[in-house]
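Let me begin by presenting the structure, written as structure tokens, before commenting on it.
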Amino acid sequence: MDYNRLYPVVIPLSDAGPEEILYSVNGKTNAKSVVSLKKTPNVDARPVSYEKYAKAFYFVQQHIRHANSFLLNLPFPATIRTNQDAVPPACGDLTGGSSHHCPG
């Protein structure tokens, strides 16, 4: 990970395999099939409370100030709901189908 953005990596679309990333840009794609969304996306995200995050953030800041760490992540689980169907990861399919196995 290049957090300072000193050594960016640019990969040509022709080298982007569907096992690593799926794309569909201006009619070019590496997916087996692509369809348009049938409904306007709606996302309902429910992160942890501000109070819970602030408490953890303060704790982390204290440790950074004492040089116990210089880089860390502070992740929390969140509930995210959408009206879109799930696509199984790394299947090479952007159809938006709800199947839990790779199309084949």
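For the range 40-59, which positions are in a loop (DSSP other than H, G, I, E, B) and surrounded by fewer than 10 Cβ atoms within 10 Å (Cβ to Cβ)? Those that are in a loop (DSSP other than H, G, I, E, B) and surrounded by fewer than 10 Cβ atoms within 10 Å (Cβ to Cβ): T40, P41, N42.
Cβ-Cβ distances below 8 Å connect the following pairs, each with a first residue in the range 68-92 that is surrounded by fewer than 10 Cβ atoms within 10 Å (Cβ to Cβ) and assigned to a loop (DSSP other than H, G, I, E, B), a second residue that is among the hydroxyl-bearing types (S, T, Y) and modelled with pLDDT under 85, and a separation of six or more residues or different chains: L71/Y3. Of the residues making up the range 24-55, those that are touching a strand residue (DSSP E or B) at 6+ places or on another chain (Cβ under 6 Å) and of a type outside the set (A, V, I, L, M, F, W, C) are S24, D44, R46. I'd like to verify a number: residues in the range 8-34 that are farther than 30 Å from L74 by Cα and exposed (fewer than 10 other Cβ atoms within 10 Å of the Cβ), how many? Within the range 8-34, residues that are farther than 30 Å from L74 by Cα and exposed (fewer than 10 other Cβ atoms within 10 Å of the Cβ) number 7.
Listed conditions (1) at pLDDT below 80; (2) part of a loop (DSSP other than H, G, I, E, B) are all met by S14, apart from (2).
Filtering the range 19-62 to residues that are at pLDDT below 90 and in contact with a Ser or Thr (Cβ under 7 Å, 6 or more places away or on another chain) leaves Y23, A31, S33, V34, V35, P41, N42, V43.
The values are calculated or read from the model by the stated rules, or taken from the named source; none is laboratory data. This is a predicted model, so every value here is computed, not measured. FYI the Cβ positions are ideal-geometry reconstructions off the backbone, even for glycines, and counts take in every protein chain you see.
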